[in-house]
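Okay, so here's the structure we're looking at.
The values are calculated or read from the model by the stated rules, or taken from the named source; none is laboratory data. Keep in mind it's a predicted model, so treat the numbers as computed, not measured. Backbone-built Cβ (ideal geometry, glycine too); neighbour counts: all protein chains shown.
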Amino acid sequence: MATISAGILMYHHGEAGLVVLLVHPGGPFWRNRDLGAWSIPKGELDGGEDRETAARREFAEEIGIAATGPLRPLGQVRQRGGKIVLAYALEGTLDVGTVRSNQIPIEWPPRSGRMISVPEIDRAEWFTIPLAREKILAGQRPFLDRLERL
């Protein structure tokens, strides 16, 4: 069965038009990757957890700030690896300089048996939609299209 994650695509209208908040994964594997590496803040559902509750929890864990306000569904996508991602749009702003991610354990180097602790995300940034299309994981690009149609 496919893994299911839920997340939030925060957005607002600024001087440059519609901008979205994306996060870059932490850890050594992603250190030198940029285009096609960014994501919406998201994570796996815990058991029978409500999808909106999971999306808000994951946003708070990865960003360090609670996601408050009404969520608008953006549907779901299946990423290349098979993971299903459910997304919600949330209008808002935040200072990316205040982002504080949680830490997660990973095995590094792979198959070494050695565990290290890394931030789940190493940074967050606001992007215009055209630049976000280049930065975001290919499987999550439909969320940008759906947001523009809202």
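Looking across L45, L22, L18, L35, one residue alone is in contact with a Leu (Cβ under 8 Å, 6 or more places away or on another chain) and among the hydrophobic types (A, V, I, L, M, F, W, C). It is L18.
Residues that are of a type in the set (G, A, S) and touching a His at 6+ places or on another chain (Cβ under 9 Å) within the stretch 111-150 comprise just one, A124.
Every residue, every condition in (1) among the β-branched types (V, I, T); (2) under 22 Å from I106 (Cβ atoms), yes or no:
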{"residue": "H13", "(1), (2)": "no, no"}
{"residue": "P28", "(1), (2)": "no, yes"}
{"residue": "D34", "(1), (2)": "no, yes"}
{"residue": "I40", "(1), (2)": "yes, yes"}
{"residue": "R56", "(1), (2)": "no, no"}
{"residue": "E62", "(1), (2)": "no, yes"}
{"residue": "V85", "(1), (2)": "yes, yes"}
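A single member of E120, E49, E91 is in contact with a helix residue (DSSP H, G or I) (Cβ under 9 Å, 6 or more places away or on another chain) and either of a type in the set (V, I, T) or more than 12 Å from V23 (Cα to Cα) (or both), and it is E49.
Yes/no per residue for (1) touching a Gly at 6+ places or on another chain (Cβ under 9 Å); (2) of a type in the set (K, R); (3) at pLDDT 90 or above; (4) more than 15 Å from P130 (Cα to Cα):
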position	(1), (2), (3), (4)
S5	yes, no, yes, yes
H12	yes, no, yes, no
G17	no, no, yes, no
R31	no, yes, no, yes
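A search for C-beta distances below 9 Å between a residue of the stretch 100-122 that is within 13 Å of E58 (Cα to Cα) and any residue that is of a type in the set (D, E, K, R) and part of a strand (DSSP E or B), counting only pairs 6+ apart in sequence or on different chains, returns S101/D122; S101/R123.
Here is a yes/no grid of residues against (1) at pLDDT below 95; (2) in contact with a Gly (Cβ under 7 Å, 6 or more places away or on another chain):
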| position | (1), (2) |
| --- | --- |
| P110 | yes, no |
| V118 | yes, yes |
| K135 | no, no |
| L147 | no, no |
